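Undergrad: Structure incoming, see below.
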Amino acid sequence: MSLLHTPGYDAGTRALLVTVQHPNEDPAVSEETGEELRELVRALGLSPKGPVRAKLREPNARFLLGSGKAHEISERAADLEVEWIVFDDPLSPSQQRNWERLTQRVVVDRQEIILDIFARHARTTEAKLQVELAQMQYYLPRLAHAWTHLSRQKGGRRGTRGEGEKQIELDRRQVLRRIQELRSELREVQSQRATMRKRRVGIPIPTGSIVGYTNAGKSSLMRILTESDVRVANRPFATLDATTRRLSSQFEGGAVLTDTVGFIQKLPPALIDAFKSTLEETVIAQFLIHVIDAASRNIDRQFAATTEVLEELEVADRPRLFVFNKIDLVEDRFTLQAATERLECPPERTAFVSAKTGEGVERVLELIRQLIDEQSAESVYLFPADRYDLIAYLHRNGHVVSEEHTDAGIEVHAHVSPEAGGRLSAYKLRRTSVAAEHGPRRPMTAG
Ligand SMILES: Nc1nc2c(ncn2[C@@H]2O[C@H](COP(=O)(O)OP(=O)(O)OP(=O)(O)O)[C@@H](O)[C@H]2O)c(=O)[nH]1
Ligand SMILES: [Mg+2]
């Protein structure tokens, strides 16, 4: 039985936002994440109010904030007649309960909001299982709270205990059992996925993964590069499932790209954990295309949040292209240029594009080409004069630099993936040195 909790409440439910500024923290940070929280809350169909900004001097065990501030927020919530209070910072299970008792309102944190968005948008079996697992892990220490939510959904009153307490014990065992079930169901789905991947890896073409902050335009870029119709939407977490497509047919040698879930600041750890299998597509990719919203005011922090998740996945050192998207919205190219330098994006790995107008997309393709070429060393093959089938295979599965008819046969210089290289190894004459690979290509000589 699925315990997946899809939030049930009326659209337009009012929610008071509370942002927390930590000691020694730049106020801009909580302002930004507060703006983001507003978008997240909107994405759920709630109507955000506030925010109330709270300065944290010393974390308070009961309310996170001092009790004076807590009472002030409680009064504000009553004045604004909000049904929900949403914290930008994580609340411990007991803090969450204390807030609910104090305010007689549903009190949630950013993590729960993100989990709810994921729950709403999960479409595939795998995504649904992953979200449910993340939810169960999040709810386990908060069962009293989850019960509050569930009873509310069923039309019950919040805060009524007693009978609920017994139910909580039962839920705990149920939830633990469900976590076990979910883990094993996920293992099964994942092994099917591994089989499919093996089949795909059998096709010897390079794979790249599009990564980046949510709403940066990853899916939009994917659409252009692969001439496909993946979903694009102006809201956080439009994409939850990994989609893999071939690069456009004009791309010689071929490559596949995977579009996947976006990252965000303060992503719930349970979600990263649960989505590791989807993100695994990123882990097996040979290169990454990091899409950055060039029109965002928060480029640096979005960049850092993305890099942090990539580090968590242990792929931060994978060859990476930096694609600054939405340049149609950028007037000040100078500031953007400065950002690329500050973020240490190597110019030979950086592109400026608009997935909307198509500007700069050629350059992205060119950079992908270069990256693939660098990754696969140039090899020299000698084929019998009648083996055009093999040369055609090379054209499909590699990047042919030159082709020359000699007395001995057809000599071909090409960059090929390790897989294609393996298949053609019987015809290989040599592999050029690393220096030659990166230097200017020499004219071919016969023999
Ligand atoms: N003006 C402009 N808008 C863009 C551009 N690229 C994408 N967008 C818009 O930005 C929004 C988000 O685009 P998506 O491609 O869905 O972004 P994403 O990175 O896949 O987002 P998630 O899947 O939610 O993480 C959509 O409204 C797009 O139409 C661009 O180059 N210029
Ligand atoms: Mg997307």
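The values are calculated or read from the model by the stated rules, or taken from the named source; none is laboratory data. Treat the numbers as computed from the prediction; the structure is a model and nothing was measured. Positions of Cβ are generated from backbone atoms using ideal geometry, with glycine treated the same way; all protein chains shown enter the neighbour counts.
Undergrad: Could you check residue 306 against (1) surrounded by 17 or more Cβ atoms within 10 Å (Cβ to Cβ); (2) closer than 30 Å to residue 139 by Cβ; (3) touching a helix residue (DSSP H, G or I) at 6+ places or on another chain (Cβ under 9 Å) and say which number it fails?
TA: Evaluating residue 306 over (1) surrounded by 17 or more Cβ atoms within 10 Å (Cβ to Cβ); (2) closer than 30 Å to residue 139 by Cβ; (3) touching a helix residue (DSSP H, G or I) at 6+ places or on another chain (Cβ under 9 Å) leaves (3) as the failure.
Undergrad: In region 329-424, which helices (runs of 4 or more DSSP H) lie fully inside it and hold 1 or more residues that are among the acidic types (Asp, Glu), more than 16 Å from ligand 1 (Cβ to nearest atom) and farther than 24 Å from residue 257 by Cα?
TA: Per the criteria, 333-342, 388-397.
Undergrad: Then there is this: Going by the conditions given, is residue 100 free of Cβ contacts under 8 Å to residues at least 60 places away in the same chain, farther than 26 Å from residue 139 by Cβ and not aromatic (Phe, Trp, Tyr)?
TA: Considered against the rule, which asks whether it is free of Cβ contacts under 8 Å to residues at least 60 places away in the same chain, farther than 26 Å from residue 139 by Cβ and not aromatic (Phe, Trp, Tyr), residue 100 comes out as no.
Undergrad: A further question follows. Name every residue in region 405-415 that is surrounded by 15 or more Cβ atoms within 10 Å (Cβ to Cβ) and farther than 13 Å from residue 252 by Cβ, in order of residue number.
TA: Passing the criteria: 409, 410, 411, 412, 413.
Undergrad: Kindly list the number of the only condition in (1) exposed (fewer than 14 other Cβ atoms within 10 Å of the Cβ); (2) on the phi < 0 side of the Ramachandran plot that fails for residue 314.
TA: (2)
Undergrad: For region 292-328, which positions are part of a strand (DSSP E or B) and away from ligand 1 (no atom under 14 Å from the Cβ)?
TA: Selection gives 320, 321, 322.
Undergrad: Can you run down the residue pairs with Cβ atoms below 6 Å, 6 or more apart or on separate chains, where the first is in region 220-243 and more than 19 Å from residue 282 (Cβ to Cβ) and the partner is in a loop (DSSP other than H, G, I, E, B) and more than 10 Å from ligand 1 (Cβ to nearest atom)?
TA: 227/248
Undergrad: Since residue 382 meets every condition but one in (1) over 25 Å from residue 130 (Cβ atoms); (2) assigned by TED's automatic domain parsing to the domain that holds residue 252; (3) touching an Asp or Glu at 6+ places or on another chain (Cβ under 7 Å); (4) not charged (D, E, K, R), which condition does it not meet?
TA: Just one mismatch for residue 382, condition (2).
Undergrad: Check region 282-291 and report whether any residue there is assigned to a loop (DSSP other than H, G, I, E, B), over 11 Å from the mean Cα position of the chain (by Cα) and either more than 12 Å from ligand 1 (Cβ to nearest atom) or among the polar types (S, T, N, Q) (or both).
TA: yes
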